[in-house]
Amino acid sequence: SGITVFYRRVGPQQVKHLISAAESEVYKKQAYFFSHFLWEEPEEINNNIAFLSLAFSQFLHVLNMRSGREPLINNQITRNKYVWMAVIFCTATVFAAYFIPVVAEVLDLHPLQPRHWILIGIASILPTFIIQTIKFFKKDF
């Protein structure tokens, strides 16, 4: 089938990364729809939730790069100081953009309530949590 040919052509590792990236996109959209339909938030708040969910989930996505055969906590990714420096720098940059009024205005970022931040946190952490759970049970993922 077409999927088998694609899998063989690009390789299993690339397919795994595509699945993980697609999963982040799904949770970002779920956060957007949750905010839009259940909380009936204005469009600009929904867009901010989607933007921040995607940004933070991508920062955490690097933790999914470990081999399933490596330990969850002490592995080549978590021991790499440059990975942590990049995650901290990117997170600080997003927070700076949110809290610096001029930059927030340019990016059309609006003040968010604590419940919005909780939704962003859940939507950001969930993809990494699910991938790590799969890696725990399926070592070759």
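The values are calculated or read from the model by the stated rules, or taken from the named source; none is laboratory data. Values in this document were obtained by computation on a predicted structure and should not be read as measured data. Note: ideal-geometry Cβ built from the backbone for every residue, glycine included; neighbour counts use all protein chains shown. With ligands, DNA and RNA removed, areas are computed over all heavy atoms of the protein, side chains included. Shrake-Rupley method; radii C 1.70, N 1.55, O 1.52, S 1.80 Å.
Quick notes
- Top-ranked residue of the range 98-131 - restricted to ones that are of a type in the set (Phe, Trp, Tyr) and modelled with pLDDT of 95 or more, ranked as nearest to Pro42 (Cα to Cα): Trp117
- In the range 19-53, of all residues being at pLDDT 90 or above, open to solvent by 20 Å² or more (accessible area, probe 1.4 Å) and in a helix (DSSP H, G or I), the one that is farthest from Cys90 (Cα to Cα) corresponds to Glu43.
- Taking residues in the range 65-81 that are without any contact (Cβ under 8 Å) to a residue 24 or more places away in the chain, and partners anywhere that are of a type in the set (Lys, Arg), the pairs with Cβ atoms closer than 7 Å and at least 6 places apart or on different chains are Asn75/Arg66; Gln76/Arg66; Ile77/Arg66.
- Flag if Leu60 is out of contact with any Gly (no Cβ under 8 Å at 6 or more places or on another chain) and either under 25 Å from Glu105 (Cβ atoms) or in contact (Cβ under 8 Å) with a residue 40 or more places away in the chain (or both): yes
- Qualifying residues in the range 106-141 (those that are in a helix (DSSP H, G or I) and of a type in the set (Phe, Trp, Tyr)) - the one least open to solvent (accessible area, probe 1.4 Å): Trp117
- Subset of the range 60-105 (residues that are among the aromatic types (Phe, Trp, Tyr) and open to solvent by 50 Å² or more (accessible area, probe 1.4 Å)): Tyr82, Trp84, Phe89, Phe95, Phe99
- Test: residue in the range 66-87 that is of a type in the set (A, V, I, L, M, F, W, C) and touching a His at 6+ places or on another chain (Cβ under 9 Å): no
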